[in-house]
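Written below as structure tokens is the structure these notes are about.
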Amino acid sequence: MTRSSAWTAPGCHLGCGLLIYAKDGKVERVEGDPDNPYNQGRLCPRCLAVDDIVNHEKRIIYPLKRDLADRGKDKWQRISWDEALDTIERRFKEYKEKYGAESVVFLQGTGRDIAPYITRLAWSFGSPNYAFSLSNVACFGPRIFAANMLAGVFMVADYGQQFIDRYDNPQYKNPGLVAVWGNNAVVANSDGAYGHWVTDVLQRGAKLLVIDPRLTWLAAHADLWLQIRPGSDGALALGMANVMIQEKLYDEQFVQDWCFGFKKFAALCAEWTPERVAEVCWVEAGDVVAAARLFASSAPVMVQQGVAIDQREDCYDASRAILSLLAITGNIEKPGTMVVMPEFLKYITGWGRDLLPYEQEDKRIGADDLVVYKLGLHVASINKMIDHLIEQPAAYPLKASWLQTVNLIACGAVDNERTHAAFSGLEFNVAVDLFMTPTAMAFCDLFLPVTTFTERDGIRCGDNSQRGETINAAVPPRGECRSDMEINLELGRRFNATAWPWENVGEMFSHIFAESGMDFYQVQATAPSYLPFEYEKFLSGKMRADGKPGFPTPSGKLELFSKSLEFMGLDPLPRYVEPPMTPFSQPELAQEYPLVLQTGARRHNTFHSENRQSSRLRAMHPEPTVMIHPETAANLGVRDGQWVWVEGPVGLTGRVARAKRLAEVTPIVDPRCASADHGWWRPEADPENLYDVNELNINNLISWSTGLTGIGANYKCILCKIYPVKENE
Amino acid sequence: MAKKALLVNYLWCTGCHSCELACQVKNNFPPGQFGIKLNRVGPWKYAPKKWQYSYFPLLTDQCHFCADRLAENKLPSCVQHCQANCLQILAPEEAARIAAANPGMIFMSK
Ligand code: SF4
Ligand code: SF4
Ligand code: SF4
């Protein structure tokens, strides 16, 4: 038995602690690790069925190549690692010499332990064009950016995850209220927060406020549920703040001591009367008042915020509006509120930024005209990259791509017609993955097979509260698979030997842990090791570089009016902006496309585009669905379980796209809305039809527009119509 | 085998399916077969702001109460992995006593 952590495929963001049972070098099953404080022995279905993925017959276990002329055809040929790596080295170096390192782009999918090694590979190669696959970095990044603009730091809900003894730690206090906002927490397990921590704190007495367009299980069991119109969360937050201010329910002392810009913020909120909120958000005015009162009277309060807030154009304003509610009620850095968690590895902002030559920085795609990219983020804008790929300006051509852990056209990317065209225009694309994917099949020329977490070592620090923990190999790699880190170390060494001075990945991991005084093997032996933590660090001066009390913002306070955003020329106040594709902003289009569509509904059995190969998991939800209300279904003549088309405008491109779905008729959605799950392809289908991805992908209804600022994309508030699929379609 | 009972606090069961999968993989049952199976009741609205929306896990003929795990001093697989900590396997009398004294309990003996 091997104790490990699932912080890489086929595990998810969370990296739950687990025990891997193996026999004769083969994974037999896994169990939750009862001694791991993080998940305390629990697991979600996905890790329980991990052996289905690890041992799957369709895993790619040898490097493969394919002729450029055969893109889209199932004509892969097995090659040796030497040939694969030599080819990549030779071609990437040629492009670098002829066109500059920026001509090679590096992409990743969802962030797990692989992220730092991808950034280091890109930057040490000399390319500033490292990008995240989701349109406008619409996941997690906007929340972090918003928090930094308001508080100078990122804060998460406090479930005692920073303590080895968790809820029993004497410093910890159970929240009086958990507000679950745009997050189907117990299904999603998102961003480092174990979803059932919510039920843990509810069982310990917390009240529950849910803000969600759908009746999730949590919503049905909440003290108060507001069935909000998708995309209007910012308006609701401002409206709740208005009630708190009008009724003097906020923490006046805390605001006076620690908030900056309260008067201007209050003036903005005053525009948002409960009646106006009711109209914009499709909720009852009385509920806006009730939510504000509940929030303001239940300290300590935490907000469990989901990706829904990141997935629209006014993302960081909506996030700031929500954070402002916490700020004016003093629910910051106290036990059971929102706190800054310990961190030893700054993996969110990437590893190896210092390796990127200064003159390369200016070439980063998006940094020239998107101020948030120029001043706030380190990634390139994938939206601008798609434009750039299609236009291929002579002065700055793009030639090759490195696609590691990213099934672009089945998952994060939008408008596949354009995505496909963009990447097909490159001369050389490399996929690094577990299975043959629609993305690799569509336009990659080389495929490098990687190990799952059961077959390799790694560092597990976490997206939320970090701690020293390791991923530990339980079985040898299948076939010739190598870990992402081994691959990147080997290639990195060939590109830039001084940036990758380590003999092996163990040495590299030890280097990352160096500050802790331990090497990788000591961390492995003592894991999980917890970092020191204290509450209210703004009082003790531990938040600011100068050691003075306060927050690391220009004013030293929580900035309800953000000076940093003002400096960037952006709106300093968290103003609500109506998303571009709604019945309010597009009343004419809405005549033809009357339903508000949310994509990305989370399912228990899948993590994004993964897990669909497992027969155990697939049986739980075998096909892509779209949820529609019984009344709507009746009007459309659609029965539960019937195949339908979900059709809508591709943003404002003037084009229309559709996706095939099974109708799931359920009262959990509003009659005016529909909700679809994402990441769909059929691994069992014809590879040369790209595993049906084009027919199923719901993101085809979303455009690559950069929107207001280049962060936040409208995955969760677009327009559609739904009609039955005809025979033979 | 001594009689045992599954005690569920259904007020907390979120319908996460972990119990089903935990049982299935532990016992190597084929996809679709379980020693414990979720049943959903709802969702429907029965009064303003009031929803019936609950999950009730029930034992099937294939449950053997994880005798092998109990012998190793481990919790039954479904109980250990239950994400909402709402399952217990107990002697039927004990389960009946707790169910009588607390709201939201169901128990099923075998
Ligand atoms: S949440 Fe589920 S998939 Fe993610 S690490 Fe935990 S058990 Fe694995
Ligand atoms: S006690 Fe064991 S056999 Fe019975 S349902 Fe639970 S996991 Fe399955
Ligand atoms: S594991 Fe627990 S919470 Fe999840 S469905 Fe089973 S009984 Fe319910």
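Scanning the stretch B:36-50 for residues that are within 11 Å of chain A (Cβ to nearest Cβ) and open to solvent by 100 Å² or more (accessible area, probe 1.4 Å), which turns out nearest to A:Met620 (Cα to Cα)? Only one residue fits best here, namely B:Arg40. Every listed requirement among (1) within 13 Å of ligand 3 (Cβ to nearest atom); (2) modelled with pLDDT of 95 or more; (3) over 13 Å from A:Leu48 (Cα atoms) is met by B:Cys19 save one, (3). Whether any residue in the stretch A:95-108 is in a loop (DSSP other than H, G, I, E, B) and more than 21 Å from the chain's Cα centre (by Cα) is what I want to check. Yes, that holds for at least one residue.
Scanning the stretch A:612-637 for residues that are closer than 16 Å to A:Pro667 by Cα, more than 23 Å from the chain's Cα centre (by Cα) and among the aliphatic types (A, V, I, L, M) yields a total of 4. Being touching a helix residue (DSSP H, G or I) at 6+ places or on another chain (Cβ under 7 Å), modelled with pLDDT of 95 or more and closer than 30 Å to A:Tyr172 by Cβ holds for only one residue in A:Ile365, A:Ile328, A:Ile348, and it is A:Ile328. Against the condition assigned to a helix (DSSP H, G or I), open to solvent by less than 10 Å² (accessible area, probe 1.4 Å) and within 14 Å of chain B (Cβ to nearest Cβ), how does A:Val210 come out, does it pass? Spelling it out, it is not the case that A:Val210 is assigned to a helix (DSSP H, G or I), open to solvent by less than 10 Å² (accessible area, probe 1.4 Å) and within 14 Å of chain B (Cβ to nearest Cβ). Just one of (1) surrounded by fewer than 17 Cβ atoms within 10 Å (Cβ to Cβ); (2) away from ligand 2 (no atom under 14 Å from the Cβ); (3) part of a loop (DSSP other than H, G, I, E, B); (4) under 16 Å from the mean Cα position of the chain (by Cα) fails for B:Gln33. It is (2). Here the stretch A:422-443 is the region considered, the condition is being assigned to a loop (DSSP other than H, G, I, E, B) and among the hydrophobic types (A, V, I, L, M, F, W, C), and the residue that is farthest from A:Ile60 (Cα to Cα) is A:Leu426. Within the stretch A:31-52, residues that are without any contact (Cβ under 8 Å) to a residue 12 or more places away in the chain have Cβ atoms under 7 Å from residues that are away from ligand 2 (no atom under 16 Å from the Cβ) in these pairs: A:Pro34/A:Gln40; A:Gly41/A:Asp33, counting only partners at least 6 apart in sequence or on another chain. Any residue at all in the stretch A:412-421 that is among the acidic types (Asp, Glu) and assigned to a helix (DSSP H, G or I)? Checked the stretch A:412-421: at least one residue is among the acidic types (Asp, Glu) and assigned to a helix (DSSP H, G or I). Here B:Pro103 fulfils each of the conditions (1) away from ligand 2 (no atom under 12 Å from the Cβ); (2) modelled with pLDDT of 95 or more apart from (2). Of the residues making up the stretch B:1-27, those that are more than 16 Å from ligand 1 (Cβ to nearest atom), open to solvent by 40 Å² or more (accessible area, probe 1.4 Å) and in contact with a His (Cβ under 9 Å, 6 or more places away or on another chain) are B:Met1, B:Leu11, B:Trp12.
At least 1 residues being closer than 30 Å to A:Cys16 by Cα is the threshold, and among the strands (runs of 3 or more DSSP E) wholly inside the stretch A:589-658 those reaching it are A:595-601, A:625-628. Within the stretch A:3-36, the set of residues being over 23 Å from A:Arg603 (Cβ atoms) and in a loop (DSSP other than H, G, I, E, B) comprises A:Asp24, A:Gly25, A:Asp33, A:Pro34, A:Asp35, A:Asn36.
Working carefully through the options A:Ser609, A:Ser529, find the one that is more than 23 Å from the chain's Cα centre (by Cα) and polar (S, T, N, Q). Going through A:Ser609, A:Ser529 in turn, the sole match is A:Ser529.
From the list B:Leu11, B:Leu75, B:Leu21, the one residue that fits, being more than 16 Å from ligand 2 (Cβ to nearest atom), among the hydrophobic types (A, V, I, L, M, F, W, C), within 9 Å of chain A (Cβ to nearest Cβ) and within 26 Å of A:Glu31 (Cα to Cα), is B:Leu11. All of (1) of a type outside the set (A, V, I, L, M, F, W, C); (2) within 11 Å of chain A (Cβ to nearest Cβ); (3) in contact (Cβ under 8 Å) with a residue 12 or more places away in the chain hold for B:Gly32 with one exception: (3). Screening A:Gly111, A:Gly41 for residues that are open to solvent by 10 Å² or more (accessible area, probe 1.4 Å) and within 16 Å of ligand 1 (Cβ to nearest atom) leaves exactly one candidate, A:Gly111. Each residue in the stretch A:56-66 was checked for being in contact with an Asp or Glu (Cβ under 9 Å, 6 or more places away or on another chain) and either surrounded by 19 or more Cβ atoms within 10 Å (Cβ to Cβ) or farther than 12 Å from A:Cys444 by Cβ (or both), and 6 of them qualify.
Condition first: closer than 18 Å to A:Cys16 by Cβ and within 14 Å of chain B (Cβ to nearest Cβ). Can you find one or more residues in the stretch A:165-172 that meet it? Yes, the stretch A:165-172 contains at least one residue that is closer than 18 Å to A:Cys16 by Cβ and within 14 Å of chain B (Cβ to nearest Cβ). Of all the listed residues (A:Glu578, A:Glu592, A:Glu623), the sole one being at negative phi, outside the structural domain of A:Ala685 (by TED's automatic domain parsing) and open to solvent by 30 Å² or more (accessible area, probe 1.4 Å) is A:Glu578.
Here B:Leu70 passes the criteria (1) of a type outside the set (Lys, Arg); (2) within 14 Å of ligand 2 (Cβ to nearest atom); (3) more than 10 Å from chain A (Cβ to nearest Cβ); (4) not in a helix (DSSP H, G or I) except the one numbered (4). Would you call A:Gln586 open to solvent by less than 50 Å² (accessible area, probe 1.4 Å) and either within 14 Å of another protein chain (Cβ to nearest Cβ) or acidic (Asp, Glu) (or both)? Here the answer is no, as A:Gln586 does not meet what is asked. Annotation: B:Val25 fulfils all but one of (1) farther than 15 Å from B:Ser109 by Cα; (2) of a type in the set (A, V, I, L, M, F, W, C); (3) assigned to a loop (DSSP other than H, G, I, E, B); the unmet one is (3). Considering only the stretch A:186-201, I want to know if a residue exists there that is in the same structural domain as A:Met302 (by TED's automatic domain parsing) and away from ligand 1 (no atom under 16 Å from the Cβ). Looking for residues that are in the same structural domain as A:Met302 (by TED's automatic domain parsing) and away from ligand 1 (no atom under 16 Å from the Cβ), one finds at least one in the stretch A:186-201, hence yes. Any residue that is touching a strand residue (DSSP E or B) at 6+ places or on another chain (Cβ under 6 Å) and on the phi < 0 side of the Ramachandran plot - is there at least one of those in the stretch A:66-75? Scanning the stretch A:66-75, I find no residue that is touching a strand residue (DSSP E or B) at 6+ places or on another chain (Cβ under 6 Å) and on the phi < 0 side of the Ramachandran plot, so the answer is no.
The values are calculated or read from the model by the stated rules, or taken from the named source; none is laboratory data. Keep in mind it's a predicted model, so treat the numbers as computed, not measured. Note: ideal-geometry Cβ built from the backbone for every residue, glycine included; neighbour counts use all protein chains shown. In case anyone asks, the SASA skips ligands and DNA or RNA and just uses the protein heavy atoms, side chains included. Shrake-Rupley method; radii C 1.70, N 1.55, O 1.52, S 1.80 Å.
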